[in-house]
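One structure is given here, and the rest of the page talks about it.
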Amino acid sequence: MLLKKRYLLVGAAVPLLILNGCSIGGSTEQRDIPVEKIDMSRYARKTAEGIFDGVLNTKFVDIKINGEVKIFTVSDKALKQLEDLNEGDQIQFVYSLNEKTIQNELQSVTQVNGQEVETVTEEQKPVKDNLDVKKKVKKENEIEMEVEYPKTTKIVGAVKSDFIKGKFNVIDTYDWNDQTLDKGDTEVRFHTVVDTIEDDIQKERWRAADILKEVGKLHEKKEGDRDGVKFIFYAENDDEYKEIMVMKNKYGYLRVETDTPYDEKEDTIAEVTAMLASIE
């Protein structure tokens with residue numbers, strides 16, 4: 001998204017306050033004051049077409065209409081759409097007059113270079129038994145899997161894949177390569193632990209603590225309700241969350257190392273938990 005620097009002078013609309021029936025010096029004068037009718041149609045949404053000419057300091061946008069550059073303020077929804085635009089794109093958009101600033105505000109972009117822009121509002125999202133049901137993607141061998149996210153439960157697409165000595169369900173937003181799951185800046189690595197004995201995993205605890213000290217202060221999660229989990233250590237900073245878990249299943253001991261951006265940690269851990277629970 002192209003950012004421009006420009007100094008703008010924005011005028012404010014100042015309401016005129018009229019005092020009716022004020023008492024001065026003990027006398028009161030009642031007068032009929034005419035009320036001006038406001039034409040609310042001026043605030044109605046309108047559709048127009050023009051050429052995208054760049055964003056000014058993330059708060060204003062230039063759009064060339066019939067050869068003349070017009071300046072619009074930008075709503076939060078429209079600002080996200082503008083991130084994908086290039087200068088010179090032909091757009092169709094919806095705008096309206098903002099009642100507070102008395103300026104035309106860009107509400108949304110509906111077409112880019114003749115192509116419709118898909119938008120989904122919260123009201124359009126289907127709600128069923130607190131499940132956010134994902135549309136099925138037509139992939140070979142795709143299955144549905146339930147993930148318990150912090151705020152809601154979702155049904156996601158997954159593909160059954162080979163996992164060390166068994167199989168498990170890989171959520172289709174991840175790539176599964178050589179015992180590693182990748183999705184954007186998130187990486188989950190799986191290792192079999194062979195140099196340990198039953199209930200003696202102190203070496204793994206030392207190893208995890210030594211790795212995590214490079215990220216931040218060491219913490220331990222208490223996961224007594226999860227079968228097979230021996231320990232979970234984690235550390236975090238403003239940018240990164242790293243977690244190391246050692247668990248035991250029918251195949252033996254397994255070490256799971258998760259690296260993810262800090263603001264994605266809760267969703268990532270929910271997804272990893274669901275995938276681990278599907279190991280066959």
Candidate set: the range 79-97, residues that are touching a residue at least 40 places away in the same chain (Cβ under 8 Å) and part of a loop (DSSP other than H, G, I, E, B); chosen: the one surrounded by the most Cβ atoms within 10 Å (Cβ to Cβ): LEU85
Test set (1) at pLDDT 80 or above; (2) closer than 26 Å to GLU116 by Cβ - ILE102 fails condition number: (2)
In the range 21-70, the residues that are of a type outside the set (A, V, I, L, M), over 21 Å from GLU99 (Cα atoms), modelled with pLDDT of 55 or more and part of a strand (DSSP E or B): GLU49, GLY50, PHE52, ASP53, GLY54, LYS64, GLU68
Cβ pairs under 7 Å, 6+ apart, first in the range 254-280 and outside any helix (DSSP H, G or I), second surrounded by fewer than 17 Cβ atoms within 10 Å (Cβ to Cβ) and of a type in the set (Gly, Ala, Ser): ILE279/GLY166; GLU280/GLY166
Residue match in the range 209-219 (condition: open to solvent by less than 80 Å² (accessible area, probe 1.4 Å), at pLDDT 85 or above and assigned to a strand (DSSP E or B)): yes
Candidates ARG205, ARG189, filtered to the one that is basic (Lys, Arg) and within 26 Å of the chain's Cα centre (by Cα): ARG189
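The values are calculated or read from the model by the stated rules, or taken from the named source; none is laboratory data. The structure displayed is predicted, hence computed values, not measured ones. All Cβ positions, even for glycine, are placed from backbone atoms using ideal geometry, and neighbour counts span all protein chains on display. With ligands, DNA and RNA removed, areas are computed over all heavy atoms of the protein, side chains included. Shrake-Rupley method; radii C 1.70, N 1.55, O 1.52, S 1.80 Å.
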